[in-house]
Amino acid sequence: ATICPREDPFDALVSLQSYQTLADLPLNAKVGTASLRRQTQLRMHRSDLHITPLRGNIQTRLNALHAGQFDAIILAMAGLKRLHLTECVRTSLAPPLFIPACGQGALGLECRASDHALRALLQPLHCPVTTLCVTTEREANRQLGGHCHAHIAIYCTQPTQHQLQLHIRVLSETSSTVLEICERDSPANALPLVTRCVNDLFQRGAKTLLEPAR
């Protein structure tokens with residue numbers, strides 16, 4: 001029924017040490033994340049890192065960091081900000097270094113389609129720009145055949161009133177192959193923009209990269 005204004009959509013490098021960037025991490029540093037999207041983008045920049053799956057809620061993951069199990073972990077900035085747990089954030093992993101997941105940082109509210117009174121009450125929380133961007137990302141993910149085991153990163157923004165920008169990155173499991181596209185069109189052409197970008201990626205071999213994940 002409603003998509004609220006988007007919180008910070010990017011990933012965060014979280015550490016108890018003073019590493020300010022990925023490049024500052026020591027050789028063979030141990031980094032925790034269960035996200036395949038994050039793992040492949042980490043390997044894209046630092047093939048030496050020992051990336052170990054890390055699951056659980058935010059506090060569970062932070063506890064593992066405080067217990068000395070990792071040199072750093074990767075978490076969504078949105079969750080850290082919402083819970084006021086940003087004291088260990090060392091840097092924001094923003095484009096072009098990292099591309100977030102489809103819909104990252106956005107909250108959607110659901111209700112019965114027939115509950116018009118509730119839908120009217122939710123309307124003040126509605127953000128048209130976030131809705132357009134997230135809907136575009138979700139359509140790109142759908143056309144690519146994305147799911148939770150796919151190495152896909154998608155981020156859409158509206159730089160100006162008359163421009164919509166879509167950035168997609170598809171990676172192989174080992175990060176040896178990275179296919180990327182970033183294009184702009186008018187907001188009214190969101191669907192053609194998605195189709196054009198996805199077709200370009202397919203022509204360059206994205207389907208082959210995504211098949212093992214399926």
Identify, by number, the condition in (1) open to solvent by 50 Å² or more (accessible area, probe 1.4 Å); (2) modelled with pLDDT of 95 or more; (3) under 18 Å from ARG38 (Cα atoms) that GLU173 doesn't meet.
-> (2)
Based on what the data block shows, is CYS182 under 30 Å from ARG46 (Cα atoms), over 17 Å from the mean Cα position of the chain (by Cα) and at pLDDT 95 or above?
-> no
Find the helices (runs of 4 or more DSSP H) located wholly in segment 99-214 whose residues include 2 or more that are farther than 30 Å from ILE51 by Cα, touching a helix residue (DSSP H, G or I) at 6+ places or on another chain (Cβ under 7 Å) and aliphatic (A, V, I, L, M), and list them.
-> 190-203
When ALA153 is run through (1) in contact (Cβ under 8 Å) with a residue 40 or more places away in the chain; (2) open to solvent by less than 70 Å² (accessible area, probe 1.4 Å); (3) over 22 Å from LYS81 (Cβ atoms), the failure sits at (3)
Take segment 91-143 and flag every residue that is surrounded by 13 or more Cβ atoms within 10 Å (Cβ to Cβ) and among the acidic types (Asp, Glu).
-> GLU137, GLU139
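Does PRO5 satisfy the condition of being open to solvent by 70 Å² or more (accessible area, probe 1.4 Å), under 30 Å from GLN123 (Cα atoms) and not β-branched (Val, Ile, Thr)?
Here the answer is yes, as PRO5 does meet what is asked.
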Using the structure shown, decide if PRO124 is more than 23 Å from GLN39 (Cα to Cα) and more than 20 Å from the chain's Cα centre (by Cα).
-> yes
If you go through CYS197, CYS182, the only one that is touching a Cys at 6+ places or on another chain (Cβ under 9 Å) and either surrounded by 15 or more Cβ atoms within 10 Å (Cβ to Cβ) or among the charged types (D, E, K, R) (or both) is CYS197
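The values are calculated or read from the model by the stated rules, or taken from the named source; none is laboratory data. None of the values given here were measured: they were computed from a predicted structure. Glycine also receives a Cβ, built like all others from the backbone with ideal geometry; neighbour counts cover every protein chain displayed. All accessible areas refer to the heavy atoms of the entire protein, side chains included, with ligands and DNA or RNA removed. Shrake-Rupley method; radii C 1.70, N 1.55, O 1.52, S 1.80 Å.
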